[in-house]
1. What FRET efficiency, computed as 1/(1 + (r/R0)^6) with R0 = 35 Å and r the Cβ-Cβ distance, is obtained for residue 4 and residue 202, rounded to the nearest 0.05?
2. Give a residue-ordered list of calculated ³J(HN,Hα) values for the range 40-52 (Karplus: 6.51 cos²θ - 1.76 cosθ + 1.60, θ = phi - 60°; whole Hz; x for Gly, Pro).
3. With label points built 7 Å along Cα→Cβ from the Cα atoms of residue 182 and residue 156, find their separation and express it in nm.
4. Tabulate in residue order the Karplus-calculated ³J(HN,Hα) for the range 99-107, using 6.51 cos²θ - 1.76 cosθ + 1.60 with θ = phi - 60°, rounded to whole Hz; enter x for Gly and Pro.
5. Tell me, what ³J(HN,Hα) does each residue in the range 74-81 have, in order and in whole Hz, if you take phi through Karplus 6.51 cos²θ - 1.76 cosθ + 1.60 with θ = phi - 60° and put x for Gly and Pro?
6. Between residue 208 and residues 5 or more places away or on another chain, which pairs have amide H atoms under 5 Å apart, with H built 1.01 Å from N, and which residues are they?
7. How many angstrom lie between the Cα centre of the range 6-64 and the Cα centre of the range 71-133?
8. Mind checking the full-extension length gain between residue 144 and residue 131? Use 0.36 nm per residue of separation minus the Cα-Cα distance, one decimal, nm.
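Bear in mind these aren't lab numbers, they're just calculated from the coordinates by the rules spelled out. Because the structure is predicted, anything quoted here is derived from the model rather than measured. Don't worry about glycine lacking a Cβ; one is built from the backbone with ideal geometry, like all the others, and counts go over all protein chains shown.
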Amino acid sequence: MSLTPESFAFVADLVARRSAIQLAPGKEYLVESRLLPLARDAGTDVNTFIAGLRAQPTSPLTTAVVEAMTTNETSWFRDGAPYQALRRAELPRLVAARGGVGRLRVWSAACSTGQEPYSLAMCLRDELPAAMTAEIVATDLSEQVLARARTGRYSQLEVNRGMPAQMLVQHLRRVGTEWEVADALRRMITFRAHNLLDVPPAGPFDVVFLRNVLIYFDAATKRGILDRVLRVLRPDGVLVLGAAETTLGVHDGWERVTIDRTSVYRPLGAPNLSSVPTPHRAPLAPTGTDGAPSPIGHTHRSVTSLAATTRPTAPGGPVR
Ligand SMILES: C[S@@+](CC[C@H](N)C(=O)[O-])C[C@H]1O[C@@H](n2cnc3c(N)ncnc32)[C@H](O)[C@@H]1O
């Protein structure tokens, strides 16, 4: 039985209100296939399952529906280049700005099953001087993916997706048929539920990874999220987006900086290399998703190619 227009409209509205994920007409098949396991658990078909939710809009099952509609695709060191830019340009810049001491704070927003924050933890452990520590706050809307992330356990198939061989032996250990992330890395990360429509985790952060999630939102939602991120990022901090995402044409408070094959974003007017006494920006007020549009600017700078400073990546390349 295919999804009725009423069922689709109810789910699309619920998911948009709770997560801002847009389910355009034509996604009926996606909704049906994602909700089928929930309907089966409830011993019914998808339309009857949704009719039950419409009759009981406060049911906890509505949360399960929203989570089922999230796309949790992820991998280790996803796309490679952003992590190289972090290692070779942004971390050295931030370390210099902090005088090589203290703590860097990183927010991995929409972290899915944890490959992103664990990849970040590996980079930080490798690159930070002994007198510096790092803390990673890793968040996602979905409690299900967070529960998986917290285990720090991955199958061989998952490890095969982007994990360099040297990193694998250095930072994970085999447990039965799985691989487990080392305690030292796990201690660096706090996983917690957070909806990007809400007030962000308490800043300030030096680095924000917000990758492969803005693509699901409309322009006003993207603008609201970028605004909130700007408020918790240090003035000389860095924002890293997904390959298909940009601040350009969406929010004019950011400067795009090209680093070799990728771009990162810094708060507009960010100091270049100097140490910043990091005044915490104004406390956050909930801004909702549809703040007034601001004039769209476009600022872009390139930093010197990293080629000269780039050390080879972990030998061995991705594990096969
Ligand atoms: C495609 S994954 C990206 C994972 C990781 N950042 C990466 O680039 O590999 C998108 C994640 O965004 C999360 N997400 C979707 N809407 C969200 C929202 N409104 N607030 C927080 N997380 C959200 C989903 O649960 C999902 O885990």
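1. Efficiency, rounded to the nearest 0.05: 0.20.
2. With coefficients 6.51, -1.76 and 1.60, one gets 4, 4, 7, x, 8, 9, 5, 5, 5, 4, 5, 4, x Hz.
3. 2.3
4. x, x, 9, x, 10, 9, 10, 10, 10
5. Karplus values, whole Hz, x for Gly and Pro: 7, 7, 6, 6, 3, 6, x, 4.
6. Amide H neighbours of residue 208: 107, 238, 239, 240.
7. Result: 36 Å between the Cα centres.
8. Numbers: separation 13, 0.36 × 13 = 4.68 nm, distance 3.57 nm.
Roughly 1.1 nm would be gained on extension.
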